[in-house]
Amino acid sequence: MIIIRRIGAENPGDARLPNEPFRLWARVIPALEDGAWSYRLERFAEAREDCFPDEPYDPEADNAIFLGAYEGESYVGLAVLRRDLFRYLLLDDLKVSAAFRGQGIGKALIEACMKEAGRLGLFGLKVVAQDNNASACLFYLGCGFSIGGFDNRSYGGSSQAGKADIFFYRDL
């Protein structure tokens, strides 16, 4: 049974769940037509793995809300939330340990994040995913998010050039 609880001063190390590799197999190509977003998938000729660098999160110093997912004594998932400029709670990071993926833990964390947005009187959640991470994009769409924007300039001139950000929203 999965338990979701806040991470704070009593368990700050839990905010540092290591990142693990994930599979990149397709790019999500969003399109806006007559005010409605749609998308298509462009499969890569060859799938590969990627892994984000670990973050030095500190619940006592970071201006964020940390929610941890626990199965028994095992710490298996993390959601990091921040107030967005407008009336959405930004899901800044979401990760589930590789051995526990596909078991509903990510969805349980999303639901806990939605409750947090409601508790704060906000409209819902906002999350940004890279267009080349089709699994993440499809996960958010499967959790009731919709595409709300696209930025193909974020990574220009960086080692990430060629990637784009897709903005997803889920309203309460």
Exercise for review: Quick one: angle between helix 105-119 and the longest Cα principal axis of the chain, in degrees between 0 and 90, rounded to 10, please.
Suggested key: 80 degrees
Revision key, fill the gap. The long-range amide H neighbours of residue 7, using H built 1.01 Å from N in the peptide plane and a cut-off of under 5 Å, are 66, 67, 68
Review point. For the stretch 1-73, which GluC sites (Glu not before Pro) are both in a DSSP coil and crowded by at most 16 other Cβ atoms within 10 Å?
Key: 10, 60, 73
Review point. Can you pull out the chymotrypsin sites (Phe, Trp or Tyr not before Pro) in the stretch 35-109 that DSSP calls coil and that have at most 14 other Cβ atoms within 10 Å?
Key: 86
Review point. Mean residue ellipticity at 222 nm from the helices of the chain, using -39,500 (n - 2.57) per DSSP H segment of n ≥ 4 over the full residue count, to the nearest 500 deg cm²/dmol?
Key: -4500 deg cm²/dmol
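Every number here is computed from the coordinates shown, using simple stated rules; none is lab data. Every value quoted in this text rests on a predicted model; they were computed, and no experiment measured them. Because the Cβ atoms are built from the backbone with ideal geometry, glycine has one as well, and the counts that use them run over all protein chains shown.
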